[in-house]
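Some notes on the structure that comes next.
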Amino acid sequence: MAKPLTRQNMLLSPRKPFDGNYLVLAAILVLFGSIIAFTHHYSLASDGSNYFSYLRSVVFDRDLDFHNEFSHFNKAFWATYKPKATVTGHLTNVFSVGPAILWSPFYLAAHLLVLAANFLGAHFIADGFSGPYILAINLGSLFYGFAGMCLVYRMCKRYYDRTVSLIATATVWLATFMLYYTLFEPYMSHATSFFTATLFVYCWDTTRSVPIRTTGQWMLLGLAAGLMMLVRWQNGLLMILPAIESIVLYLLLIRSKSWPKVATLLTGNLMFLLFTLVAFFPQMAAWKIIYGSFLTIPQGTSFLRWDSPFMLELLFSSRHGLYAWSPVVYLSTLGWLAFFKREKFLAFSGLVAFLLMTYVNSIVSDWWAGWGFGMRRYDGLVVFFALGLAAFLHIIKKRLLKSAVIAITCIFMFFTGYNLFLVNRYLEHKLHPGAPVAFNRLLGLSDTGIYKYMGYPFSFPANMFFSLKYGLSPARYDSLAGGYIDDPYFYGNTILLGQGEGAPGSPPVQLPPPPGQARPSPADALLGQGWSKPVSYLGSGCRIIASAATVYVPVRTVTGFELELRCANPKTRPVDLIIDMNGHRVASVRPKAEWQIFKVKLSKDDLKLGINILDFRLSGSNAEVNVEYLKFDRLEFIPDWK
């Protein structure tokens, strides 16, 4: 068989002495477990409430009727997830059953301990909601995170030495979103998703043996595939790895006319799909009970927008961009290029998996992954980040020799320290969980210094492409990439241009972000050149257009809009306000001295996905127009999964 495609079957390798580096990972496990147990993790929130409800309902009620589980949660839960009755009479739950299944041993153990403790005189509430139960699932997630990191380390060791492998593993744990989701929000699915996806990749890489994977190995790989999909459905994209392998093998076997091996491979593929389905069946059964169908898209068909990818924003924007929030991945990317020399087939397959995951993540209606820390939807690719980082560190170690220890230590300390800084800002509510971030404010940097010309370094090269395209400072990329006028959360559809009491008929005043948050306001983010500073006119705050002015209008869904603007002409001379969208005239209005509201239709043809340029021009010289607000309303309803 072709050498680049296969590797020695590690399952048949002789047993080696115990590797003490696992104790380092175990020390992180103990440290994190102590923090969880003795500080803050006796509560449940966010998406975790939905995952948990499967487990509690099955164990205590023997059903999937979530009425009593959901009634336990606060109004914010109902406002966010909007559960409603299905055709079967159950409440909707758009999340997967996998985390509940993986948590079940820890949850059942907690229940037995609660019963035993109460028998001995304690007074725990044995209702499935109390502290011991929540602590159990959080510690369970931490354990799976630890187990996944052990697999990451073991896989890195196949290609690099123990020291490099350990540092790469510890770094992707402590310097990415994995730190946050194993320590501060382990009730989310990301720790269990990371474990199951890594288990699948590990099993796949382990069984790429000579001459061909056995049918039994295909079955086990199928179970691993079904398990990772059971936790997060998008993990199924990783099945592209054995798909690429099989395609290459078919071509090689058919070329050599090895028909018995072709039949063996085909049988293995079919067994893989069958056992994937077997492992995934609990989710299908849950859908059947809740929705009345074995297959469904609980979030609705609008959840994925196939023709509207935001790939650059997903990777580099301040709104949870992968590289912007976990910059150590830059080194992983550089290392992955070097990894091609060592393992071409794995490097190519991993790259395809990354691109596929990036595309699918970028077409989700909330590609920024809602409120959370970092680009958490890449939890299934952490093992590849570690391999790339190990390759990079290996080069450093090989090239720098005596200085390698210092260099590698600095890399670990810098990226881990920066991630801890972001986590600290996040926990102190200085970093908004769902909005674009003004990183210069977060880092205490001036708008006019070097940051103006360089921008946030961990948004490179997207911020430079942005600067060249729009003629703006790279620093503006922080606020313009990721926030949308058709996003009900940020920035919203209304831009208030000045301070002061609003006149009758003006839109509601938008509340500013909580004090200290590094989040730009809509006016700061979206206004271009030509606007004055805020002034007051006839009792309303506004800004003045003296000749021409620009507004940047980012949209995530191309549809028709109605632009509403409230403006006035403070001078006696009549003037026309000409409105262009992306270089095409859409309207011309003639405001009077008193405030007037004008409404302008913007068709789908006037707009494009992403940032649009709205220009205002005055028809004559020595003229002014005051504008109080701009409001953008969709002309058609676009469903969103929430």
Subject >> Condition check for Asn440: touching a helix residue (DSSP H, G or I) at 6+ places or on another chain (Cβ under 9 Å) and at pLDDT 95 or above >> reply: no
Subject >> Given (1) small (Gly, Ala, Ser); (2) in contact with an Asp or Glu (Cβ under 7 Å, 6 or more places away or on another chain); (3) at pLDDT below 95; (4) farther than 30 Å from Pro433 by Cα, number of the condition Gly560 does not satisfy >> reply: (4)
Original post:
In this structure, is Thr207 farther than 21 Å from Leu274 by Cβ and β-branched (Val, Ile, Thr)?
Top reply: no
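This table checks each residue for (1) modelled with pLDDT of 95 or more; (2) touching a strand residue (DSSP E or B) at 6+ places or on another chain (Cβ under 6 Å); (3) closer than 15 Å to Gly140 by Cβ; (4) of a type in the set (Lys, Arg).
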residue: Asn50; (1), (2), (3), (4): yes, no, no, no
residue: Tyr54; (1), (2), (3), (4): yes, no, yes, no
residue: Ser57; (1), (2), (3), (4): yes, no, no, no
residue: Lys84; (1), (2), (3), (4): no, no, no, yes
residue: Ile101; (1), (2), (3), (4): yes, no, yes, no
residue: Ala109; (1), (2), (3), (4): yes, no, yes, no
residue: Ala116; (1), (2), (3), (4): yes, no, no, no
residue: His123; (1), (2), (3), (4): no, no, no, no
Original post:
Restricting the search to the stretch 371-399, which residues are under 25 Å from the mean Cα position of the chain (by Cα) and open to solvent by 10 Å² or more (accessible area, probe 1.4 Å)?
Top reply: Trp371, Arg376, Arg377, Phe384, Phe385, Phe392
Original post:
Looking at Gly539, Gly528, which one is exposed (fewer than 15 other Cβ atoms within 10 Å of the Cβ) and either within 26 Å of the chain's Cα centre (by Cα) or at pLDDT 75 or above (or both)?
Top reply: Gly539
Original post:
Cβ-Cβ below 6 Å, separation at least six or inter-chain, first residue in the stretch 252-273 and over 22 Å from Gly222 (Cα atoms), second assigned to a helix (DSSP H, G or I) and open to solvent by 50 Å² or more (accessible area, probe 1.4 Å): which pairs?
Top reply: Leu253/Lys261
Original post:
Of the residues Asn440, Asn424, which is open to solvent by 30 Å² or more (accessible area, probe 1.4 Å) and farther than 18 Å from Thr169 by Cα?
Top reply: Asn424
**OP:** Write out, first by first residue and then by second, each pair whose Cβ atoms fall under 7 Å of each other, whose residues are 6+ apart or on separate chains, and whose first residue, in the stretch 67-96, is among the acidic types (Asp, Glu) while the second is surrounded by 10 or more Cβ atoms within 10 Å (Cβ to Cβ) and at pLDDT 90 or above.
**Re:** Glu69/Ser53; Glu69/Arg56; Glu69/Ser57
Original post:
Pick from Lys402, Lys430: which is of a type outside the set (Ser, Thr, Tyr) and loosely packed, with under 13 Cβ neighbours inside 10 Å?
Top reply: Lys402
Subject >> Residue list for the stretch 624-642, restricted to those being touching a Ser or Thr at 6+ places or on another chain (Cβ under 8 Å), surrounded by 13 or more Cβ atoms within 10 Å (Cβ to Cβ) and either aliphatic (A, V, I, L, M) or in a loop (DSSP other than H, G, I, E, B) (or both) >> reply: Leu630, Ile638, Asp640, Trp641, Lys642
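So in the stretch 472-491, with the set limited to residues that are assigned to a loop (DSSP other than H, G, I, E, B) and modelled with pLDDT of 80 or more, which one is surrounded by the most Cβ atoms within 10 Å (Cβ to Cβ)?
Ranking the qualifying residues of the stretch 472-491, first place goes to Gly482.
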Original post:
Which of the residues spanning the stretch 413-471 are without any contact (Cβ under 8 Å) to a residue 40 or more places away in the chain, part of a helix (DSSP H, G or I) and either among the small types (Gly, Ala, Ser) or under 12 Å from Trp325 (Cβ atoms) (or both)?
Top reply: Gly417, Phe421, Ser467
Subject >> Residue satisfying all of: in the stretch 241-258; more than 15 Å from Leu270 (Cα to Cα) and of a type in the set (S, T, N, Q); least open to solvent (accessible area, probe 1.4 Å) among these >> reply: Ser258
**OP:** Mind listing whichever residues of the stretch 193-240 are assigned to a helix (DSSP H, G or I), open to solvent by less than 10 Å² (accessible area, probe 1.4 Å) and closer than 15 Å to Leu266 by Cα?
**Re:** Trp218, Leu221, Gly222
**OP:** Taking the residues in the stretch 106-129 that are open to solvent by 20 Å² or more (accessible area, probe 1.4 Å) and touching a residue at least 60 places away in the same chain (Cβ under 8 Å) as candidates, determine which candidate is nearest to Ile35 (Cα to Cα).
**Re:** Phe129
Subject >> Members of the stretch 136-170 found to be out of contact with any Ser or Thr (no Cβ under 6 Å at 6 or more places or on another chain) and open to solvent by 30 Å² or more (accessible area, probe 1.4 Å), listed by number >> reply: Leu139, Phe143, Phe146, Arg154, Arg158, Asp161, Arg162, Thr163, Ile167
Original post:
List, please: which pairs have Cβ atoms under 8 Å, are six or more places apart or on different chains, and start with a residue in the stretch 48-66 that is open to solvent by 30 Å² or more (accessible area, probe 1.4 Å) and end with one that is charged (D, E, K, R)?
Top reply: Phe60/Asp127
Original post:
What number of residues within the stretch 547-561 are outside any loop (DSSP other than H, G, I, E, B) and farther than 9 Å from Ile613 by Cα?
Top reply: 4
Original post:
Under the condition of being under 30 Å from Met228 (Cβ atoms) and of a type in the set (Phe, Trp, Tyr), which residue from the stretch 405-417 is surrounded by the most Cβ atoms within 10 Å (Cβ to Cβ)?
Top reply: Phe415
Subject >> Among the candidates Leu265, Leu346, Leu314, Leu331, residue that is touching a helix residue (DSSP H, G or I) at 6+ places or on another chain (Cβ under 7 Å), more than 30 Å from Tyr180 (Cα to Cα) and either buried (at least 19 other Cβ atoms within 10 Å of the Cβ) or hydroxyl-bearing (Ser, Thr, Tyr) (or both) >> reply: Leu265
Original post:
Restricting attention to the stretch 553-570, which residues are touching a helix residue (DSSP H, G or I) at 6+ places or on another chain (Cβ under 8 Å) and either open to solvent by 20 Å² or more (accessible area, probe 1.4 Å) or without any contact (Cβ under 8 Å) to a residue 60 or more places away in the chain (or both)?
Top reply: Val558
Original post:
What's the number of the condition Val97 fails, among (1) under 28 Å from the mean Cα position of the chain (by Cα); (2) farther than 29 Å from Leu277 by Cα; (3) not acidic (Asp, Glu)?
Top reply: (2)
**OP:** Could you list all residues from the stretch 165-214 that are in contact (Cβ under 8 Å) with a residue 60 or more places away in the chain and among the charged types (D, E, K, R)?
**Re:** Glu185, Asp205, Arg208
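Here are some residues: Lys592, Lys601, Lys533. Which one is exposed (fewer than 14 other Cβ atoms within 10 Å of the Cβ), touching a Gly at 6+ places or on another chain (Cβ under 8 Å) and of a type outside the set (Asp, Glu)?
Lys601
The values are calculated or read from the model by the stated rules, or taken from the named source; none is laboratory data. Model, not experiment: these values are computed from the prediction. All Cβ positions, even for glycine, are placed from backbone atoms using ideal geometry, and neighbour counts span all protein chains on display. What goes into the accessible areas is simple: the full protein's heavy atoms, side chains included, and nothing from ligands, DNA or RNA. Shrake-Rupley method; radii C 1.70, N 1.55, O 1.52, S 1.80 Å.
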